[in-house]
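J.: Sharing a structure here in structure tokens format.
Where a number appears in this text, it was derived from the coordinates with a stated rule and is not lab data. Here the structure is a predicted model, which is why all the values come from computation and not from measurement. Cβ: placed from backbone, ideal geometry, glycine included. Neighbour counts: every protein chain shown.
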Amino acid sequence: MYRLGDEEINAIAKVIRSRKLFRYDEDSECIRFEKRYAQYLGVAEALMTSSGTSALVAALGGLGVGPGDEVIVPAHTYMATAVAVLQVGAIPVIVDVDESITLSPEALEDAIGPRTKAVIPVHMWGLPCDMNRIMEIAQRRGLLVIEDACQGVGGAYEGRKLGSIGHAGAFSFNHFKNMTCGEGGAVVSNDARVMKIARCMIDCCRFFWDGKEDIQDFSAAGSRASEIEGAMMNAQLDRIEDMICTMRQTKKQIIASTTASGQLQASPRHSPDWECGTKICYLLPTAEAAESFVSQVGGVIAAKTGRHTYNEWDPILNRRAGHVPAMNPFNWEQNRGCRMDYSLDMCARSLEILGRTVMIDNNPDFPPQKIQELIDRINAAAESVCTAAAK
Ligand SMILES: Cc1ncc(COP(=O)(O)O)c(C=O)c1O
């Protein structure tokens with residue numbers, strides 16, 4: 001969900017007319033965005049990348065995650081979260097989400113083993129994870145926390161912007177996100193050393209400019225952003241706060257007007273005053289009730305969004321990473337002691353919850369009449385679906 005208009009067209013046209021498309025030129029749009037975005041999030045540094053996946057890889061690399069390490073990821077996220085772990089040579093350990101459809105803190109704690117180095121809480125669909133509990137567990141058990149805020153751009157948790165709470169955060173600016181430049185992303189951290197390594201993770205020539213006194217040089221793939229993306233993101237950043245505040249308010253209004261009778265249950269939320277509000281989520285009593293609800297109201301069942309639940313991550317479940325077997329971390333000696341026995345039903349609790357969770361798209365530009373129509377439709381469906389389920 002994003003807004004677009006002449007501001008973006010004018011910003012891009014200006015860059016093209018200047019013929020300065022490389023991000024390190026004078027008056028860089030990318031650098032301007034990185035400074036503004038860091039300030040907006042309340043972090044020390046932000047770095048633009050070519051995608052959310054490359055931002056996750058840069059964050060993991062910056063924090064020193066690699067072969068021999070396990071990284072905990074939730075059962076419900078876009079597959080790229082787990083793919084990024086494999087990209088740095090580590091092994092993803094998939095654990096349950098709870099009724100909030102974000103990482104279950106209990107499942108996280110239970111899953112920690114001797115090889116677990118990090119956890120990636122994912123603020124899926126703009127819904128903040130239970131960050132107080134996750135950070136407490138991580139601190140107590142010595143885990144690094146990389147927030148996957150790819151779907152959480154503009155949202156916050158108890159006043160702190162998503163992506164700014166852990167040791168590093170990653171954002172996507174692809175077509176489906178709250179701010180977009182078509183394809184793009186950003187990695188953020190308060191740790192200057194993490195960011196220095198992250199810069200090298202996305203730009204193999206970075207050492208020539210930043211020096212290599214305090215870190216060992218290494219080669220990595222390139223995934224820099226261009227000035228066209230930087231210019232567009234500066235225009236997008238001007239829009240985000242108003243857009244998120246509007247969606248948050250609309251979501252609150254719809255939830256309040258559809259759950260007051262006690263028939264319909266909203267999915268539990270960890271920070272309703274700060275979340276993105278992109279999706280309005282309900283937890284129905286049964287999977288059948290959820291199907292019937294969607295057929296009357298519209299929306300989608302969380303288990304059926306495609307590619308967002310572990311049971312659809314075929315390459316991971318089949319342990320096929322890398323383009324040739326020798327590049328597959330699942331085959332590496334260092335990873336021998338890591339847990340990699342995946343199965344379709346290993347997170348059955350998540351599948352059960354996701355099968356009963358319904359998500360309805362919100363929109364910052366919904367007129368009041370459309371909001372009222374949606375409320376009426378939801379209430380009518382709740383009446384028939386929940387009465388039938390109670391029999
Ligand atoms: C939760 C999550 N993580 C990671 C990514 C990867 O971002 P990108 O597609 O920009 O590489 C996405 C993108 O859809 C996502 O939704």
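J.: Nearest 0.05, what FRET efficiency do Ala266 and His175 give at R0 = 25 Å with Cβ-Cβ as r? Don't skip to the answer; put the middle values down first.
T.: On the way: r = 28 Å, r/R0 = 1.12.
Efficiency computed from Cβ-Cβ geometry: 0.35.
J.: Okay, next question. Sorted by average packing, counted as other Cβ atoms within 10 angstrom per residue and highest first, what order do 162-170, 340-348, 131-139 take? Numbers along the way, then the final one.
T.: On the way: 162-170: 27.6, 340-348: 13.3, 131-139: 18.4.
Those peptides, ordered most packed to least, come out 162-170, 131-139, 340-348.
J.: Using a simple charge model, +1 on the beta-carbon of Lys and Arg, -1 on the beta-carbon of Asp and Glu, nothing else, what dipole does the chain show about its Cα centre, in debye to the nearest 20? Walk me through the numbers before you get to the answer.
T.: Numbers: 40 positive and 49 negative charges, 54 e Å.
Computed charge dipole of the chain: roughly 260 debye.
J.: Separate question: Return the whole-Å distance between the Cα centroid of the stretch 237-311 and the Cα centroid of the stretch 112-181.
T.: 19
J.: Using DSSP, restrict attention to beta bridges with both residues in the stretch 6-235 and report what percent are antiparallel, rounded to the nearest 5. Kindly include the intermediate steps, with their values, before the conclusion.
T.: Working: 12 of 26 bridges.
Here the share of antiparallel DSSP bridges comes out near 45 percent.
J.: Filter the GluC sites (Glu not before Pro) in the stretch 340-391 to those in DSSP coil with at most 12 other Cβ atoms within 10 Å of their Cβ, and list the result. Mind dumping the intermediate values first?
T.: Details: sites: Glu352, Glu373, Glu383; in loops: none.
Passing sites in the stretch 340-391 do not exist.
J.: With the crude spin-label approximation of a point 7 Å out along Cα→Cβ, what separation in nm comes out for His323 versus Glu158?
T.: With each label placed 7 Å out from Cα toward Cβ, I get 4.5 nm.
J.: Could you tally the net charge around Val188, taking each other residue with its Cβ under 13 Å from the Cβ of Val188, Lys/Arg +1 and Asp/Glu -1?
T.: On the way: positive: Lys35, Arg36, Arg160, Lys161, Arg199; negative: Glu34, Glu45, Glu147, Asp148, Asp191.
So the environment of Val188 carries a net charge of 0.
J.: Another question, if that's okay. For a quick check of your reading of the filter: which GluC sites (Glu not before Pro) in the stretch 9-40 sit in a DSSP loop and have no more than 11 other Cβ atoms within 10 Å? Please report the intermediate quantities before stating the final value.
T.: Details: sites: Glu26, Glu29, Glu34; in loops: Glu26.
Sparse-neighbourhood loop GluC sites (Glu not before Pro): Glu26.
J.: Also, I was wondering about something else. Per DSSP H run of n ≥ 4, the term is -39500 (n - 2.57); total these for the chain, divide by its residue number, and report the mean residue ellipticity at 222 nm rounded to 500 deg cm²/dmol. Each step should come with its number before you reach the end.
T.: Details: 13 runs with 159 residues, N = 391.
For the chain, the value works out to -12500 deg cm²/dmol.
J.: Let me ask something additional. Using a simple spin-label model with points 7 Å from Cα along the Cα→Cβ vector, what separation in nm is obtained for Asp242 and Ser295?
T.: Simple spin-label model gives 4.2 nm for this pair.
J.: While we're here: Percent antiparallel among DSSP beta bridges with both residues in the chain, to the nearest 5?
T.: 60
J.: Give me the net charge for the shell around Asp69: Cβ to Cβ below 9 angstrom, other residues only, Lys and Arg +1, Asp and Glu -1.
T.: Details: positive: Arg115, Lys117; negative: Glu70.
Overall, the nearby charge balance is +1.
J.: Still on this structure, I have one more. Calculated FRET efficiency, Asn190 and Arg377, Cβ-Cβ r, R0 35 Å, to nearest 0.05? All intermediate terms of the calculation are to be shown ahead of the outcome.
T.: Values: r = 45 Å, r/R0 = 1.28.
Taking R0 as 35 Å, the efficiency between Asn190 and Arg377 is 0.20.
J.: Whole angstrom only: what separates the Cα centroid of the stretch 324-391 from the Cα centroid of the stretch 1-45?
T.: 34
J.: Also: Compute, for the stretch 6-235, the length of the dipole vector about the Cα centre, with Cβ point charges of +1 (Lys, Arg) and -1 (Asp, Glu) only. Units Debye, rounded to 20.
T.: On the way: 22 positive and 31 negative charges, 115 e Å.
I would put it at about 560 debye.
J.: In the chain, if the dipole is taken from +1 on Lys/Arg beta carbons and -1 on Asp/Glu beta carbons about the Cα centre, which of Gln265, Met232, Phe218 is farthest to the positive end?
T.: It is Phe218.
J.: Still on this model: Rounded if a/c is under 1.5, else prolate if a/b is larger than b/c, else oblate: which is the stretch 225-340, with a ≥ b ≥ c the root eigenvalues of its Cα gyration tensor? List each step's numbers first, then the result.
T.: On the way: a/c = 2.76, a/b = 1.38, b/c = 2.00.
It comes out oblate by the Cα gyration axes.
J.: If a/c stays under 1.5 just call it rounded; otherwise compare a/b with b/c (prolate if a/b is bigger, oblate if not). Do that for the chain, with a ≥ b ≥ c from the square roots of the Cα gyration tensor eigenvalues.
T.: Oblate, because a/c is 1.5 or more while a/b does not exceed b/c.
J.: Cα-Cα over 22 Å: which of Lys304/Lys370; Lys35/Lys196; Lys252/Lys370? Show your work: numbers first, answer last.
T.: Numbers: Lys304/Lys370 25 Å; Lys35/Lys196 15 Å; Lys252/Lys370 15 Å.
The answer is Lys304/Lys370.
J.: At a 10 angstrom cut-off on C-beta neighbours, averaged per residue, how do the peptides 252-262, 148-158, 75-85, 269-279 rank from highest to lowest?
T.: Numbers: 252-262: 15.0, 148-158: 27.1, 75-85: 24.3, 269-279: 21.3.
Taking the mean over residues of other Cβ atoms within 10 Å, the ranking is 148-158, 75-85, 269-279, 252-262.
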